[in-house]
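The values are calculated or read from the model by the stated rules, or taken from the named source; none is laboratory data. Quick caveat: nothing in here was measured; it's all calculated off a predicted structure. FYI the Cβ positions are ideal-geometry reconstructions off the backbone, even for glycines, and counts take in every protein chain you see.
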Amino acid sequence: MSLRTSLRPALRAQLSRAFIHTSPALDPAPGPPLPDIAATSVTASPPSTIGESSVDAQASSCSSSASSSSTVSSATAAARKPRLTQFRADPKYAKLLSTPPKPIASLPSHLPPLISESSSPSPSSSSSSSSSSSSSSSSHTSSTALPKSIPSAISLLKSQSTPSTGIYVLARLHTRTYLLHPRDILTLPTLKPVKRPGTTLSLTRILEVGSRDYAIRSPSADAKVLRKYMDYDARSLETVPMSIAKVQVTVLEHTRGVMMTRFKYKRRGGFRKTIRRKPGWTRLRVGDIILGDGGQA
Amino acid sequence: MSDSLHRSIIDTMRVLPKNKLFAKTQTIPGYGHFLTPLRKLILDYSDWSPVHDGLRSYLKGPFVKVAQANPDVEFVVRMVHRNGNGLLRGHYVNGRDKVICVNKLTQSEVAKKVDILLNASGLQIRSMKNLQLQHAPGAESARGIWSSLHAAKGSAGAFKI
């Protein structure tokens, strides 16, 4: 029995109390109440599989132990009330059993929504809608169609994020790509020309901007394209334009790190030398990621 | 003042109960605003020592323009008496100070040391080799954390781990 398919109401209640999210769409419709265990023939519950919570396993083991005891001595089963019937008869739990538990919407869910077994998530597909850059969006639900225009794609991102939360950017600095969120501190080898602390710099080469379920990605974000790109040729790399997304970084400081010592030697020649170096670092604070209107493209 | 009276006064002044965790706001320097971490720079020189030639020529030369270009930093020029060392002492907002000795350095070398102090933040020097990205306090990743139970099932119908 997997977590996604049938869950008995009592166990669902237990799981909801333990703050495990169960989507109502996946739970079966509340059917007729379970018959009395003493009256029916009992089958042993299947062994616990992956996805079954420990609470579930405990309950199933309890029920299996109760059921096994009743099969062994059927004469005494009628006399002894099994635990489940007592549970159902108690008016305290009647409300729990009658109504399916609602998913806890108030708790912040850091997990993506559960994908139903029928629909598979559509992989990110690129559909070129403008000459400057290709925009593509990937969604978890197959019902949402890909947006036809850049402003609609941007509005999808905006629906899931604010300039300071729920949004990220893949930015290229020199020869490296960084996944940046607002308020991150990025530590790099000394960025030259050396700007005084407090200076704001703009990230011009943005390869992808996205939120939890959607992303606007240029084809340059693929490693296949990046490998061919030489950093001094700024025109050749196709990036997400400033009309779609803007990010600024603030220079926090330029420091030197810890002294690193390297000892080089060659045997039997008397060649020995110690190389000492102090690497220089620049620390940058990433600012808000501001989405534009798409430049009416 | 008696001990019990003193304690009762302190207890009435206590706004938050002790031994309880409360949400605290944390500063995010450099986000939306920027305050120079260096608050004071003290230059110790002597008038007669040949070892402070570079420092003296720096003070007579480019120093004034540097001080004018950094109006948020307090510059203090002090004369040391009797075998004092030529020092640059920077006091930072986090309470730490960085001290650099500038004996026997030339004017341009002294200028470079002043730049080091102006560009630094006062944090203790530590290895930044594996410190590429630091996230803000309480920040969550935009894309969420991958979970095998919430990912797509494979072709066999099993979870892909």
Sole miss for B:LYS112 among (1) surrounded by fewer than 16 Cβ atoms within 10 Å (Cβ to Cβ); (2) part of a loop (DSSP other than H, G, I, E, B); (3) not β-branched (Val, Ile, Thr) is condition (2)
Scanning the range A:152-161 residue by residue, those more than 9 Å from chain B (Cβ to nearest Cβ) and either touching a strand residue (DSSP E or B) at 6+ places or on another chain (Cβ under 6 Å) or within 21 Å of A:ALA221 (Cβ to Cβ) (or both) turn out to be A:SER152, A:ALA153, A:ILE154, A:LEU156, A:LEU157, A:LYS158
Taking the stated definitions as given, is B:ARG82 basic (Lys, Arg) and either in a strand (DSSP E or B) or in contact with a Ser or Thr (Cβ under 8 Å, 6 or more places away or on another chain) (or both)? no
Go through the range B:17-37 residue by residue and tally those that are within 23 Å of A:VAL286 (Cβ to Cβ), out of contact with any Lys or Arg (no Cβ under 9 Å at 6 or more places or on another chain) and either buried (at least 17 other Cβ atoms within 10 Å of the Cβ) or charged (D, E, K, R) (or both). 2
Looking at the range B:100-123 only, could you name the residues that are closer than 25 Å to A:PRO182 by Cα and more than 7 Å from chain A (Cβ to nearest Cβ)? B:GLY122, B:LEU123
Can you find a residue in the range A:162-171 that is under 25 Å from the mean Cα position of the chain (by Cα), without any contact (Cβ under 8 Å) to a residue 60 or more places away in the chain and more than 10 Å from chain B (Cβ to nearest Cβ)? yes
Can A:ARG196 be described as at the interface with chain B (Cβ under 9 Å from one of its Cβ atoms), at pLDDT below 95 and more than 19 Å from B:LEU133 (Cα to Cα)? no
Examine the range B:74-92 for a residue that is surrounded by fewer than 15 Cβ atoms within 10 Å (Cβ to Cβ), free of Cβ contacts under 8 Å to residues at least 40 places away in the same chain and within 14 Å of chain A (Cβ to nearest Cβ), and state whether such a residue exists. no
State yes or no: is B:LEU118 in contact (Cβ under 8 Å) with a residue 24 or more places away in the chain, surrounded by 12 or more Cβ atoms within 10 Å (Cβ to Cβ) and not in a loop (DSSP other than H, G, I, E, B)? yes
Look through the range A:201-242, keep the residues that are among the polar types (S, T, N, Q) and in contact with an Asp or Glu (Cβ under 7 Å, 6 or more places away or on another chain), and return whichever of them is farthest from A:ILE150 (Cα to Cα). A:SER220
Looking at the structure I just gave you, is B:ASP53 in a loop (DSSP other than H, G, I, E, B) and either within 15 Å of B:VAL102 (Cα to Cα) or modelled with pLDDT of 95 or more (or both)? no
Report yes if B:GLY61 is surrounded by fewer than 16 Cβ atoms within 10 Å (Cβ to Cβ), touching a residue at least 40 places away in the same chain (Cβ under 8 Å) and more than 14 Å from chain A (Cβ to nearest Cβ), otherwise no. yes
Name the residues in the range A:238-286 that are within 28 Å of A:LEU173 (Cα to Cα), more than 14 Å from chain B (Cβ to nearest Cβ) and either within 38 Å of the chain's Cα centre (by Cα) or not basic (Lys, Arg) (or both), would you? A:GLU238, A:THR239, A:VAL240, A:PRO241, A:MET242, A:SER243, A:ILE244, A:LYS246
Please go through (1) more than 21 Å from A:VAL194 (Cα to Cα); (2) touching a Pro at 6+ places or on another chain (Cβ under 9 Å) for A:ILE244 and return the number of the only condition it doesn't satisfy. (2)
The residue that is farthest from A:ARG283 (Cα to Cα), considering only those in the range A:167-190 that are modelled with pLDDT of 95 or more and in a loop (DSSP other than H, G, I, E, B), is A:ILE167
Restricting the range A:253-297 to residues that are in a strand (DSSP E or B), among the basic types (Lys, Arg) and without any contact (Cβ under 8 Å) to a residue 40 or more places away in the chain, which is nearest to B:ILE125 (Cα to Cα)? A:ARG256
Taking only the range A:189-223 into account, find how many residues are without any contact (Cβ under 8 Å) to a residue 12 or more places away in the chain and closer than 24 Å to B:SER141 by Cβ. 2
Residue under evaluation A:THR250, criteria (1) exposed (fewer than 14 other Cβ atoms within 10 Å of the Cβ); (2) assigned to a strand (DSSP E or B), criterion not met: (1)
Any residue that is within 14 Å of chain A (Cβ to nearest Cβ) and at pLDDT below 95 - is there at least one of those in the range B:15-24? no
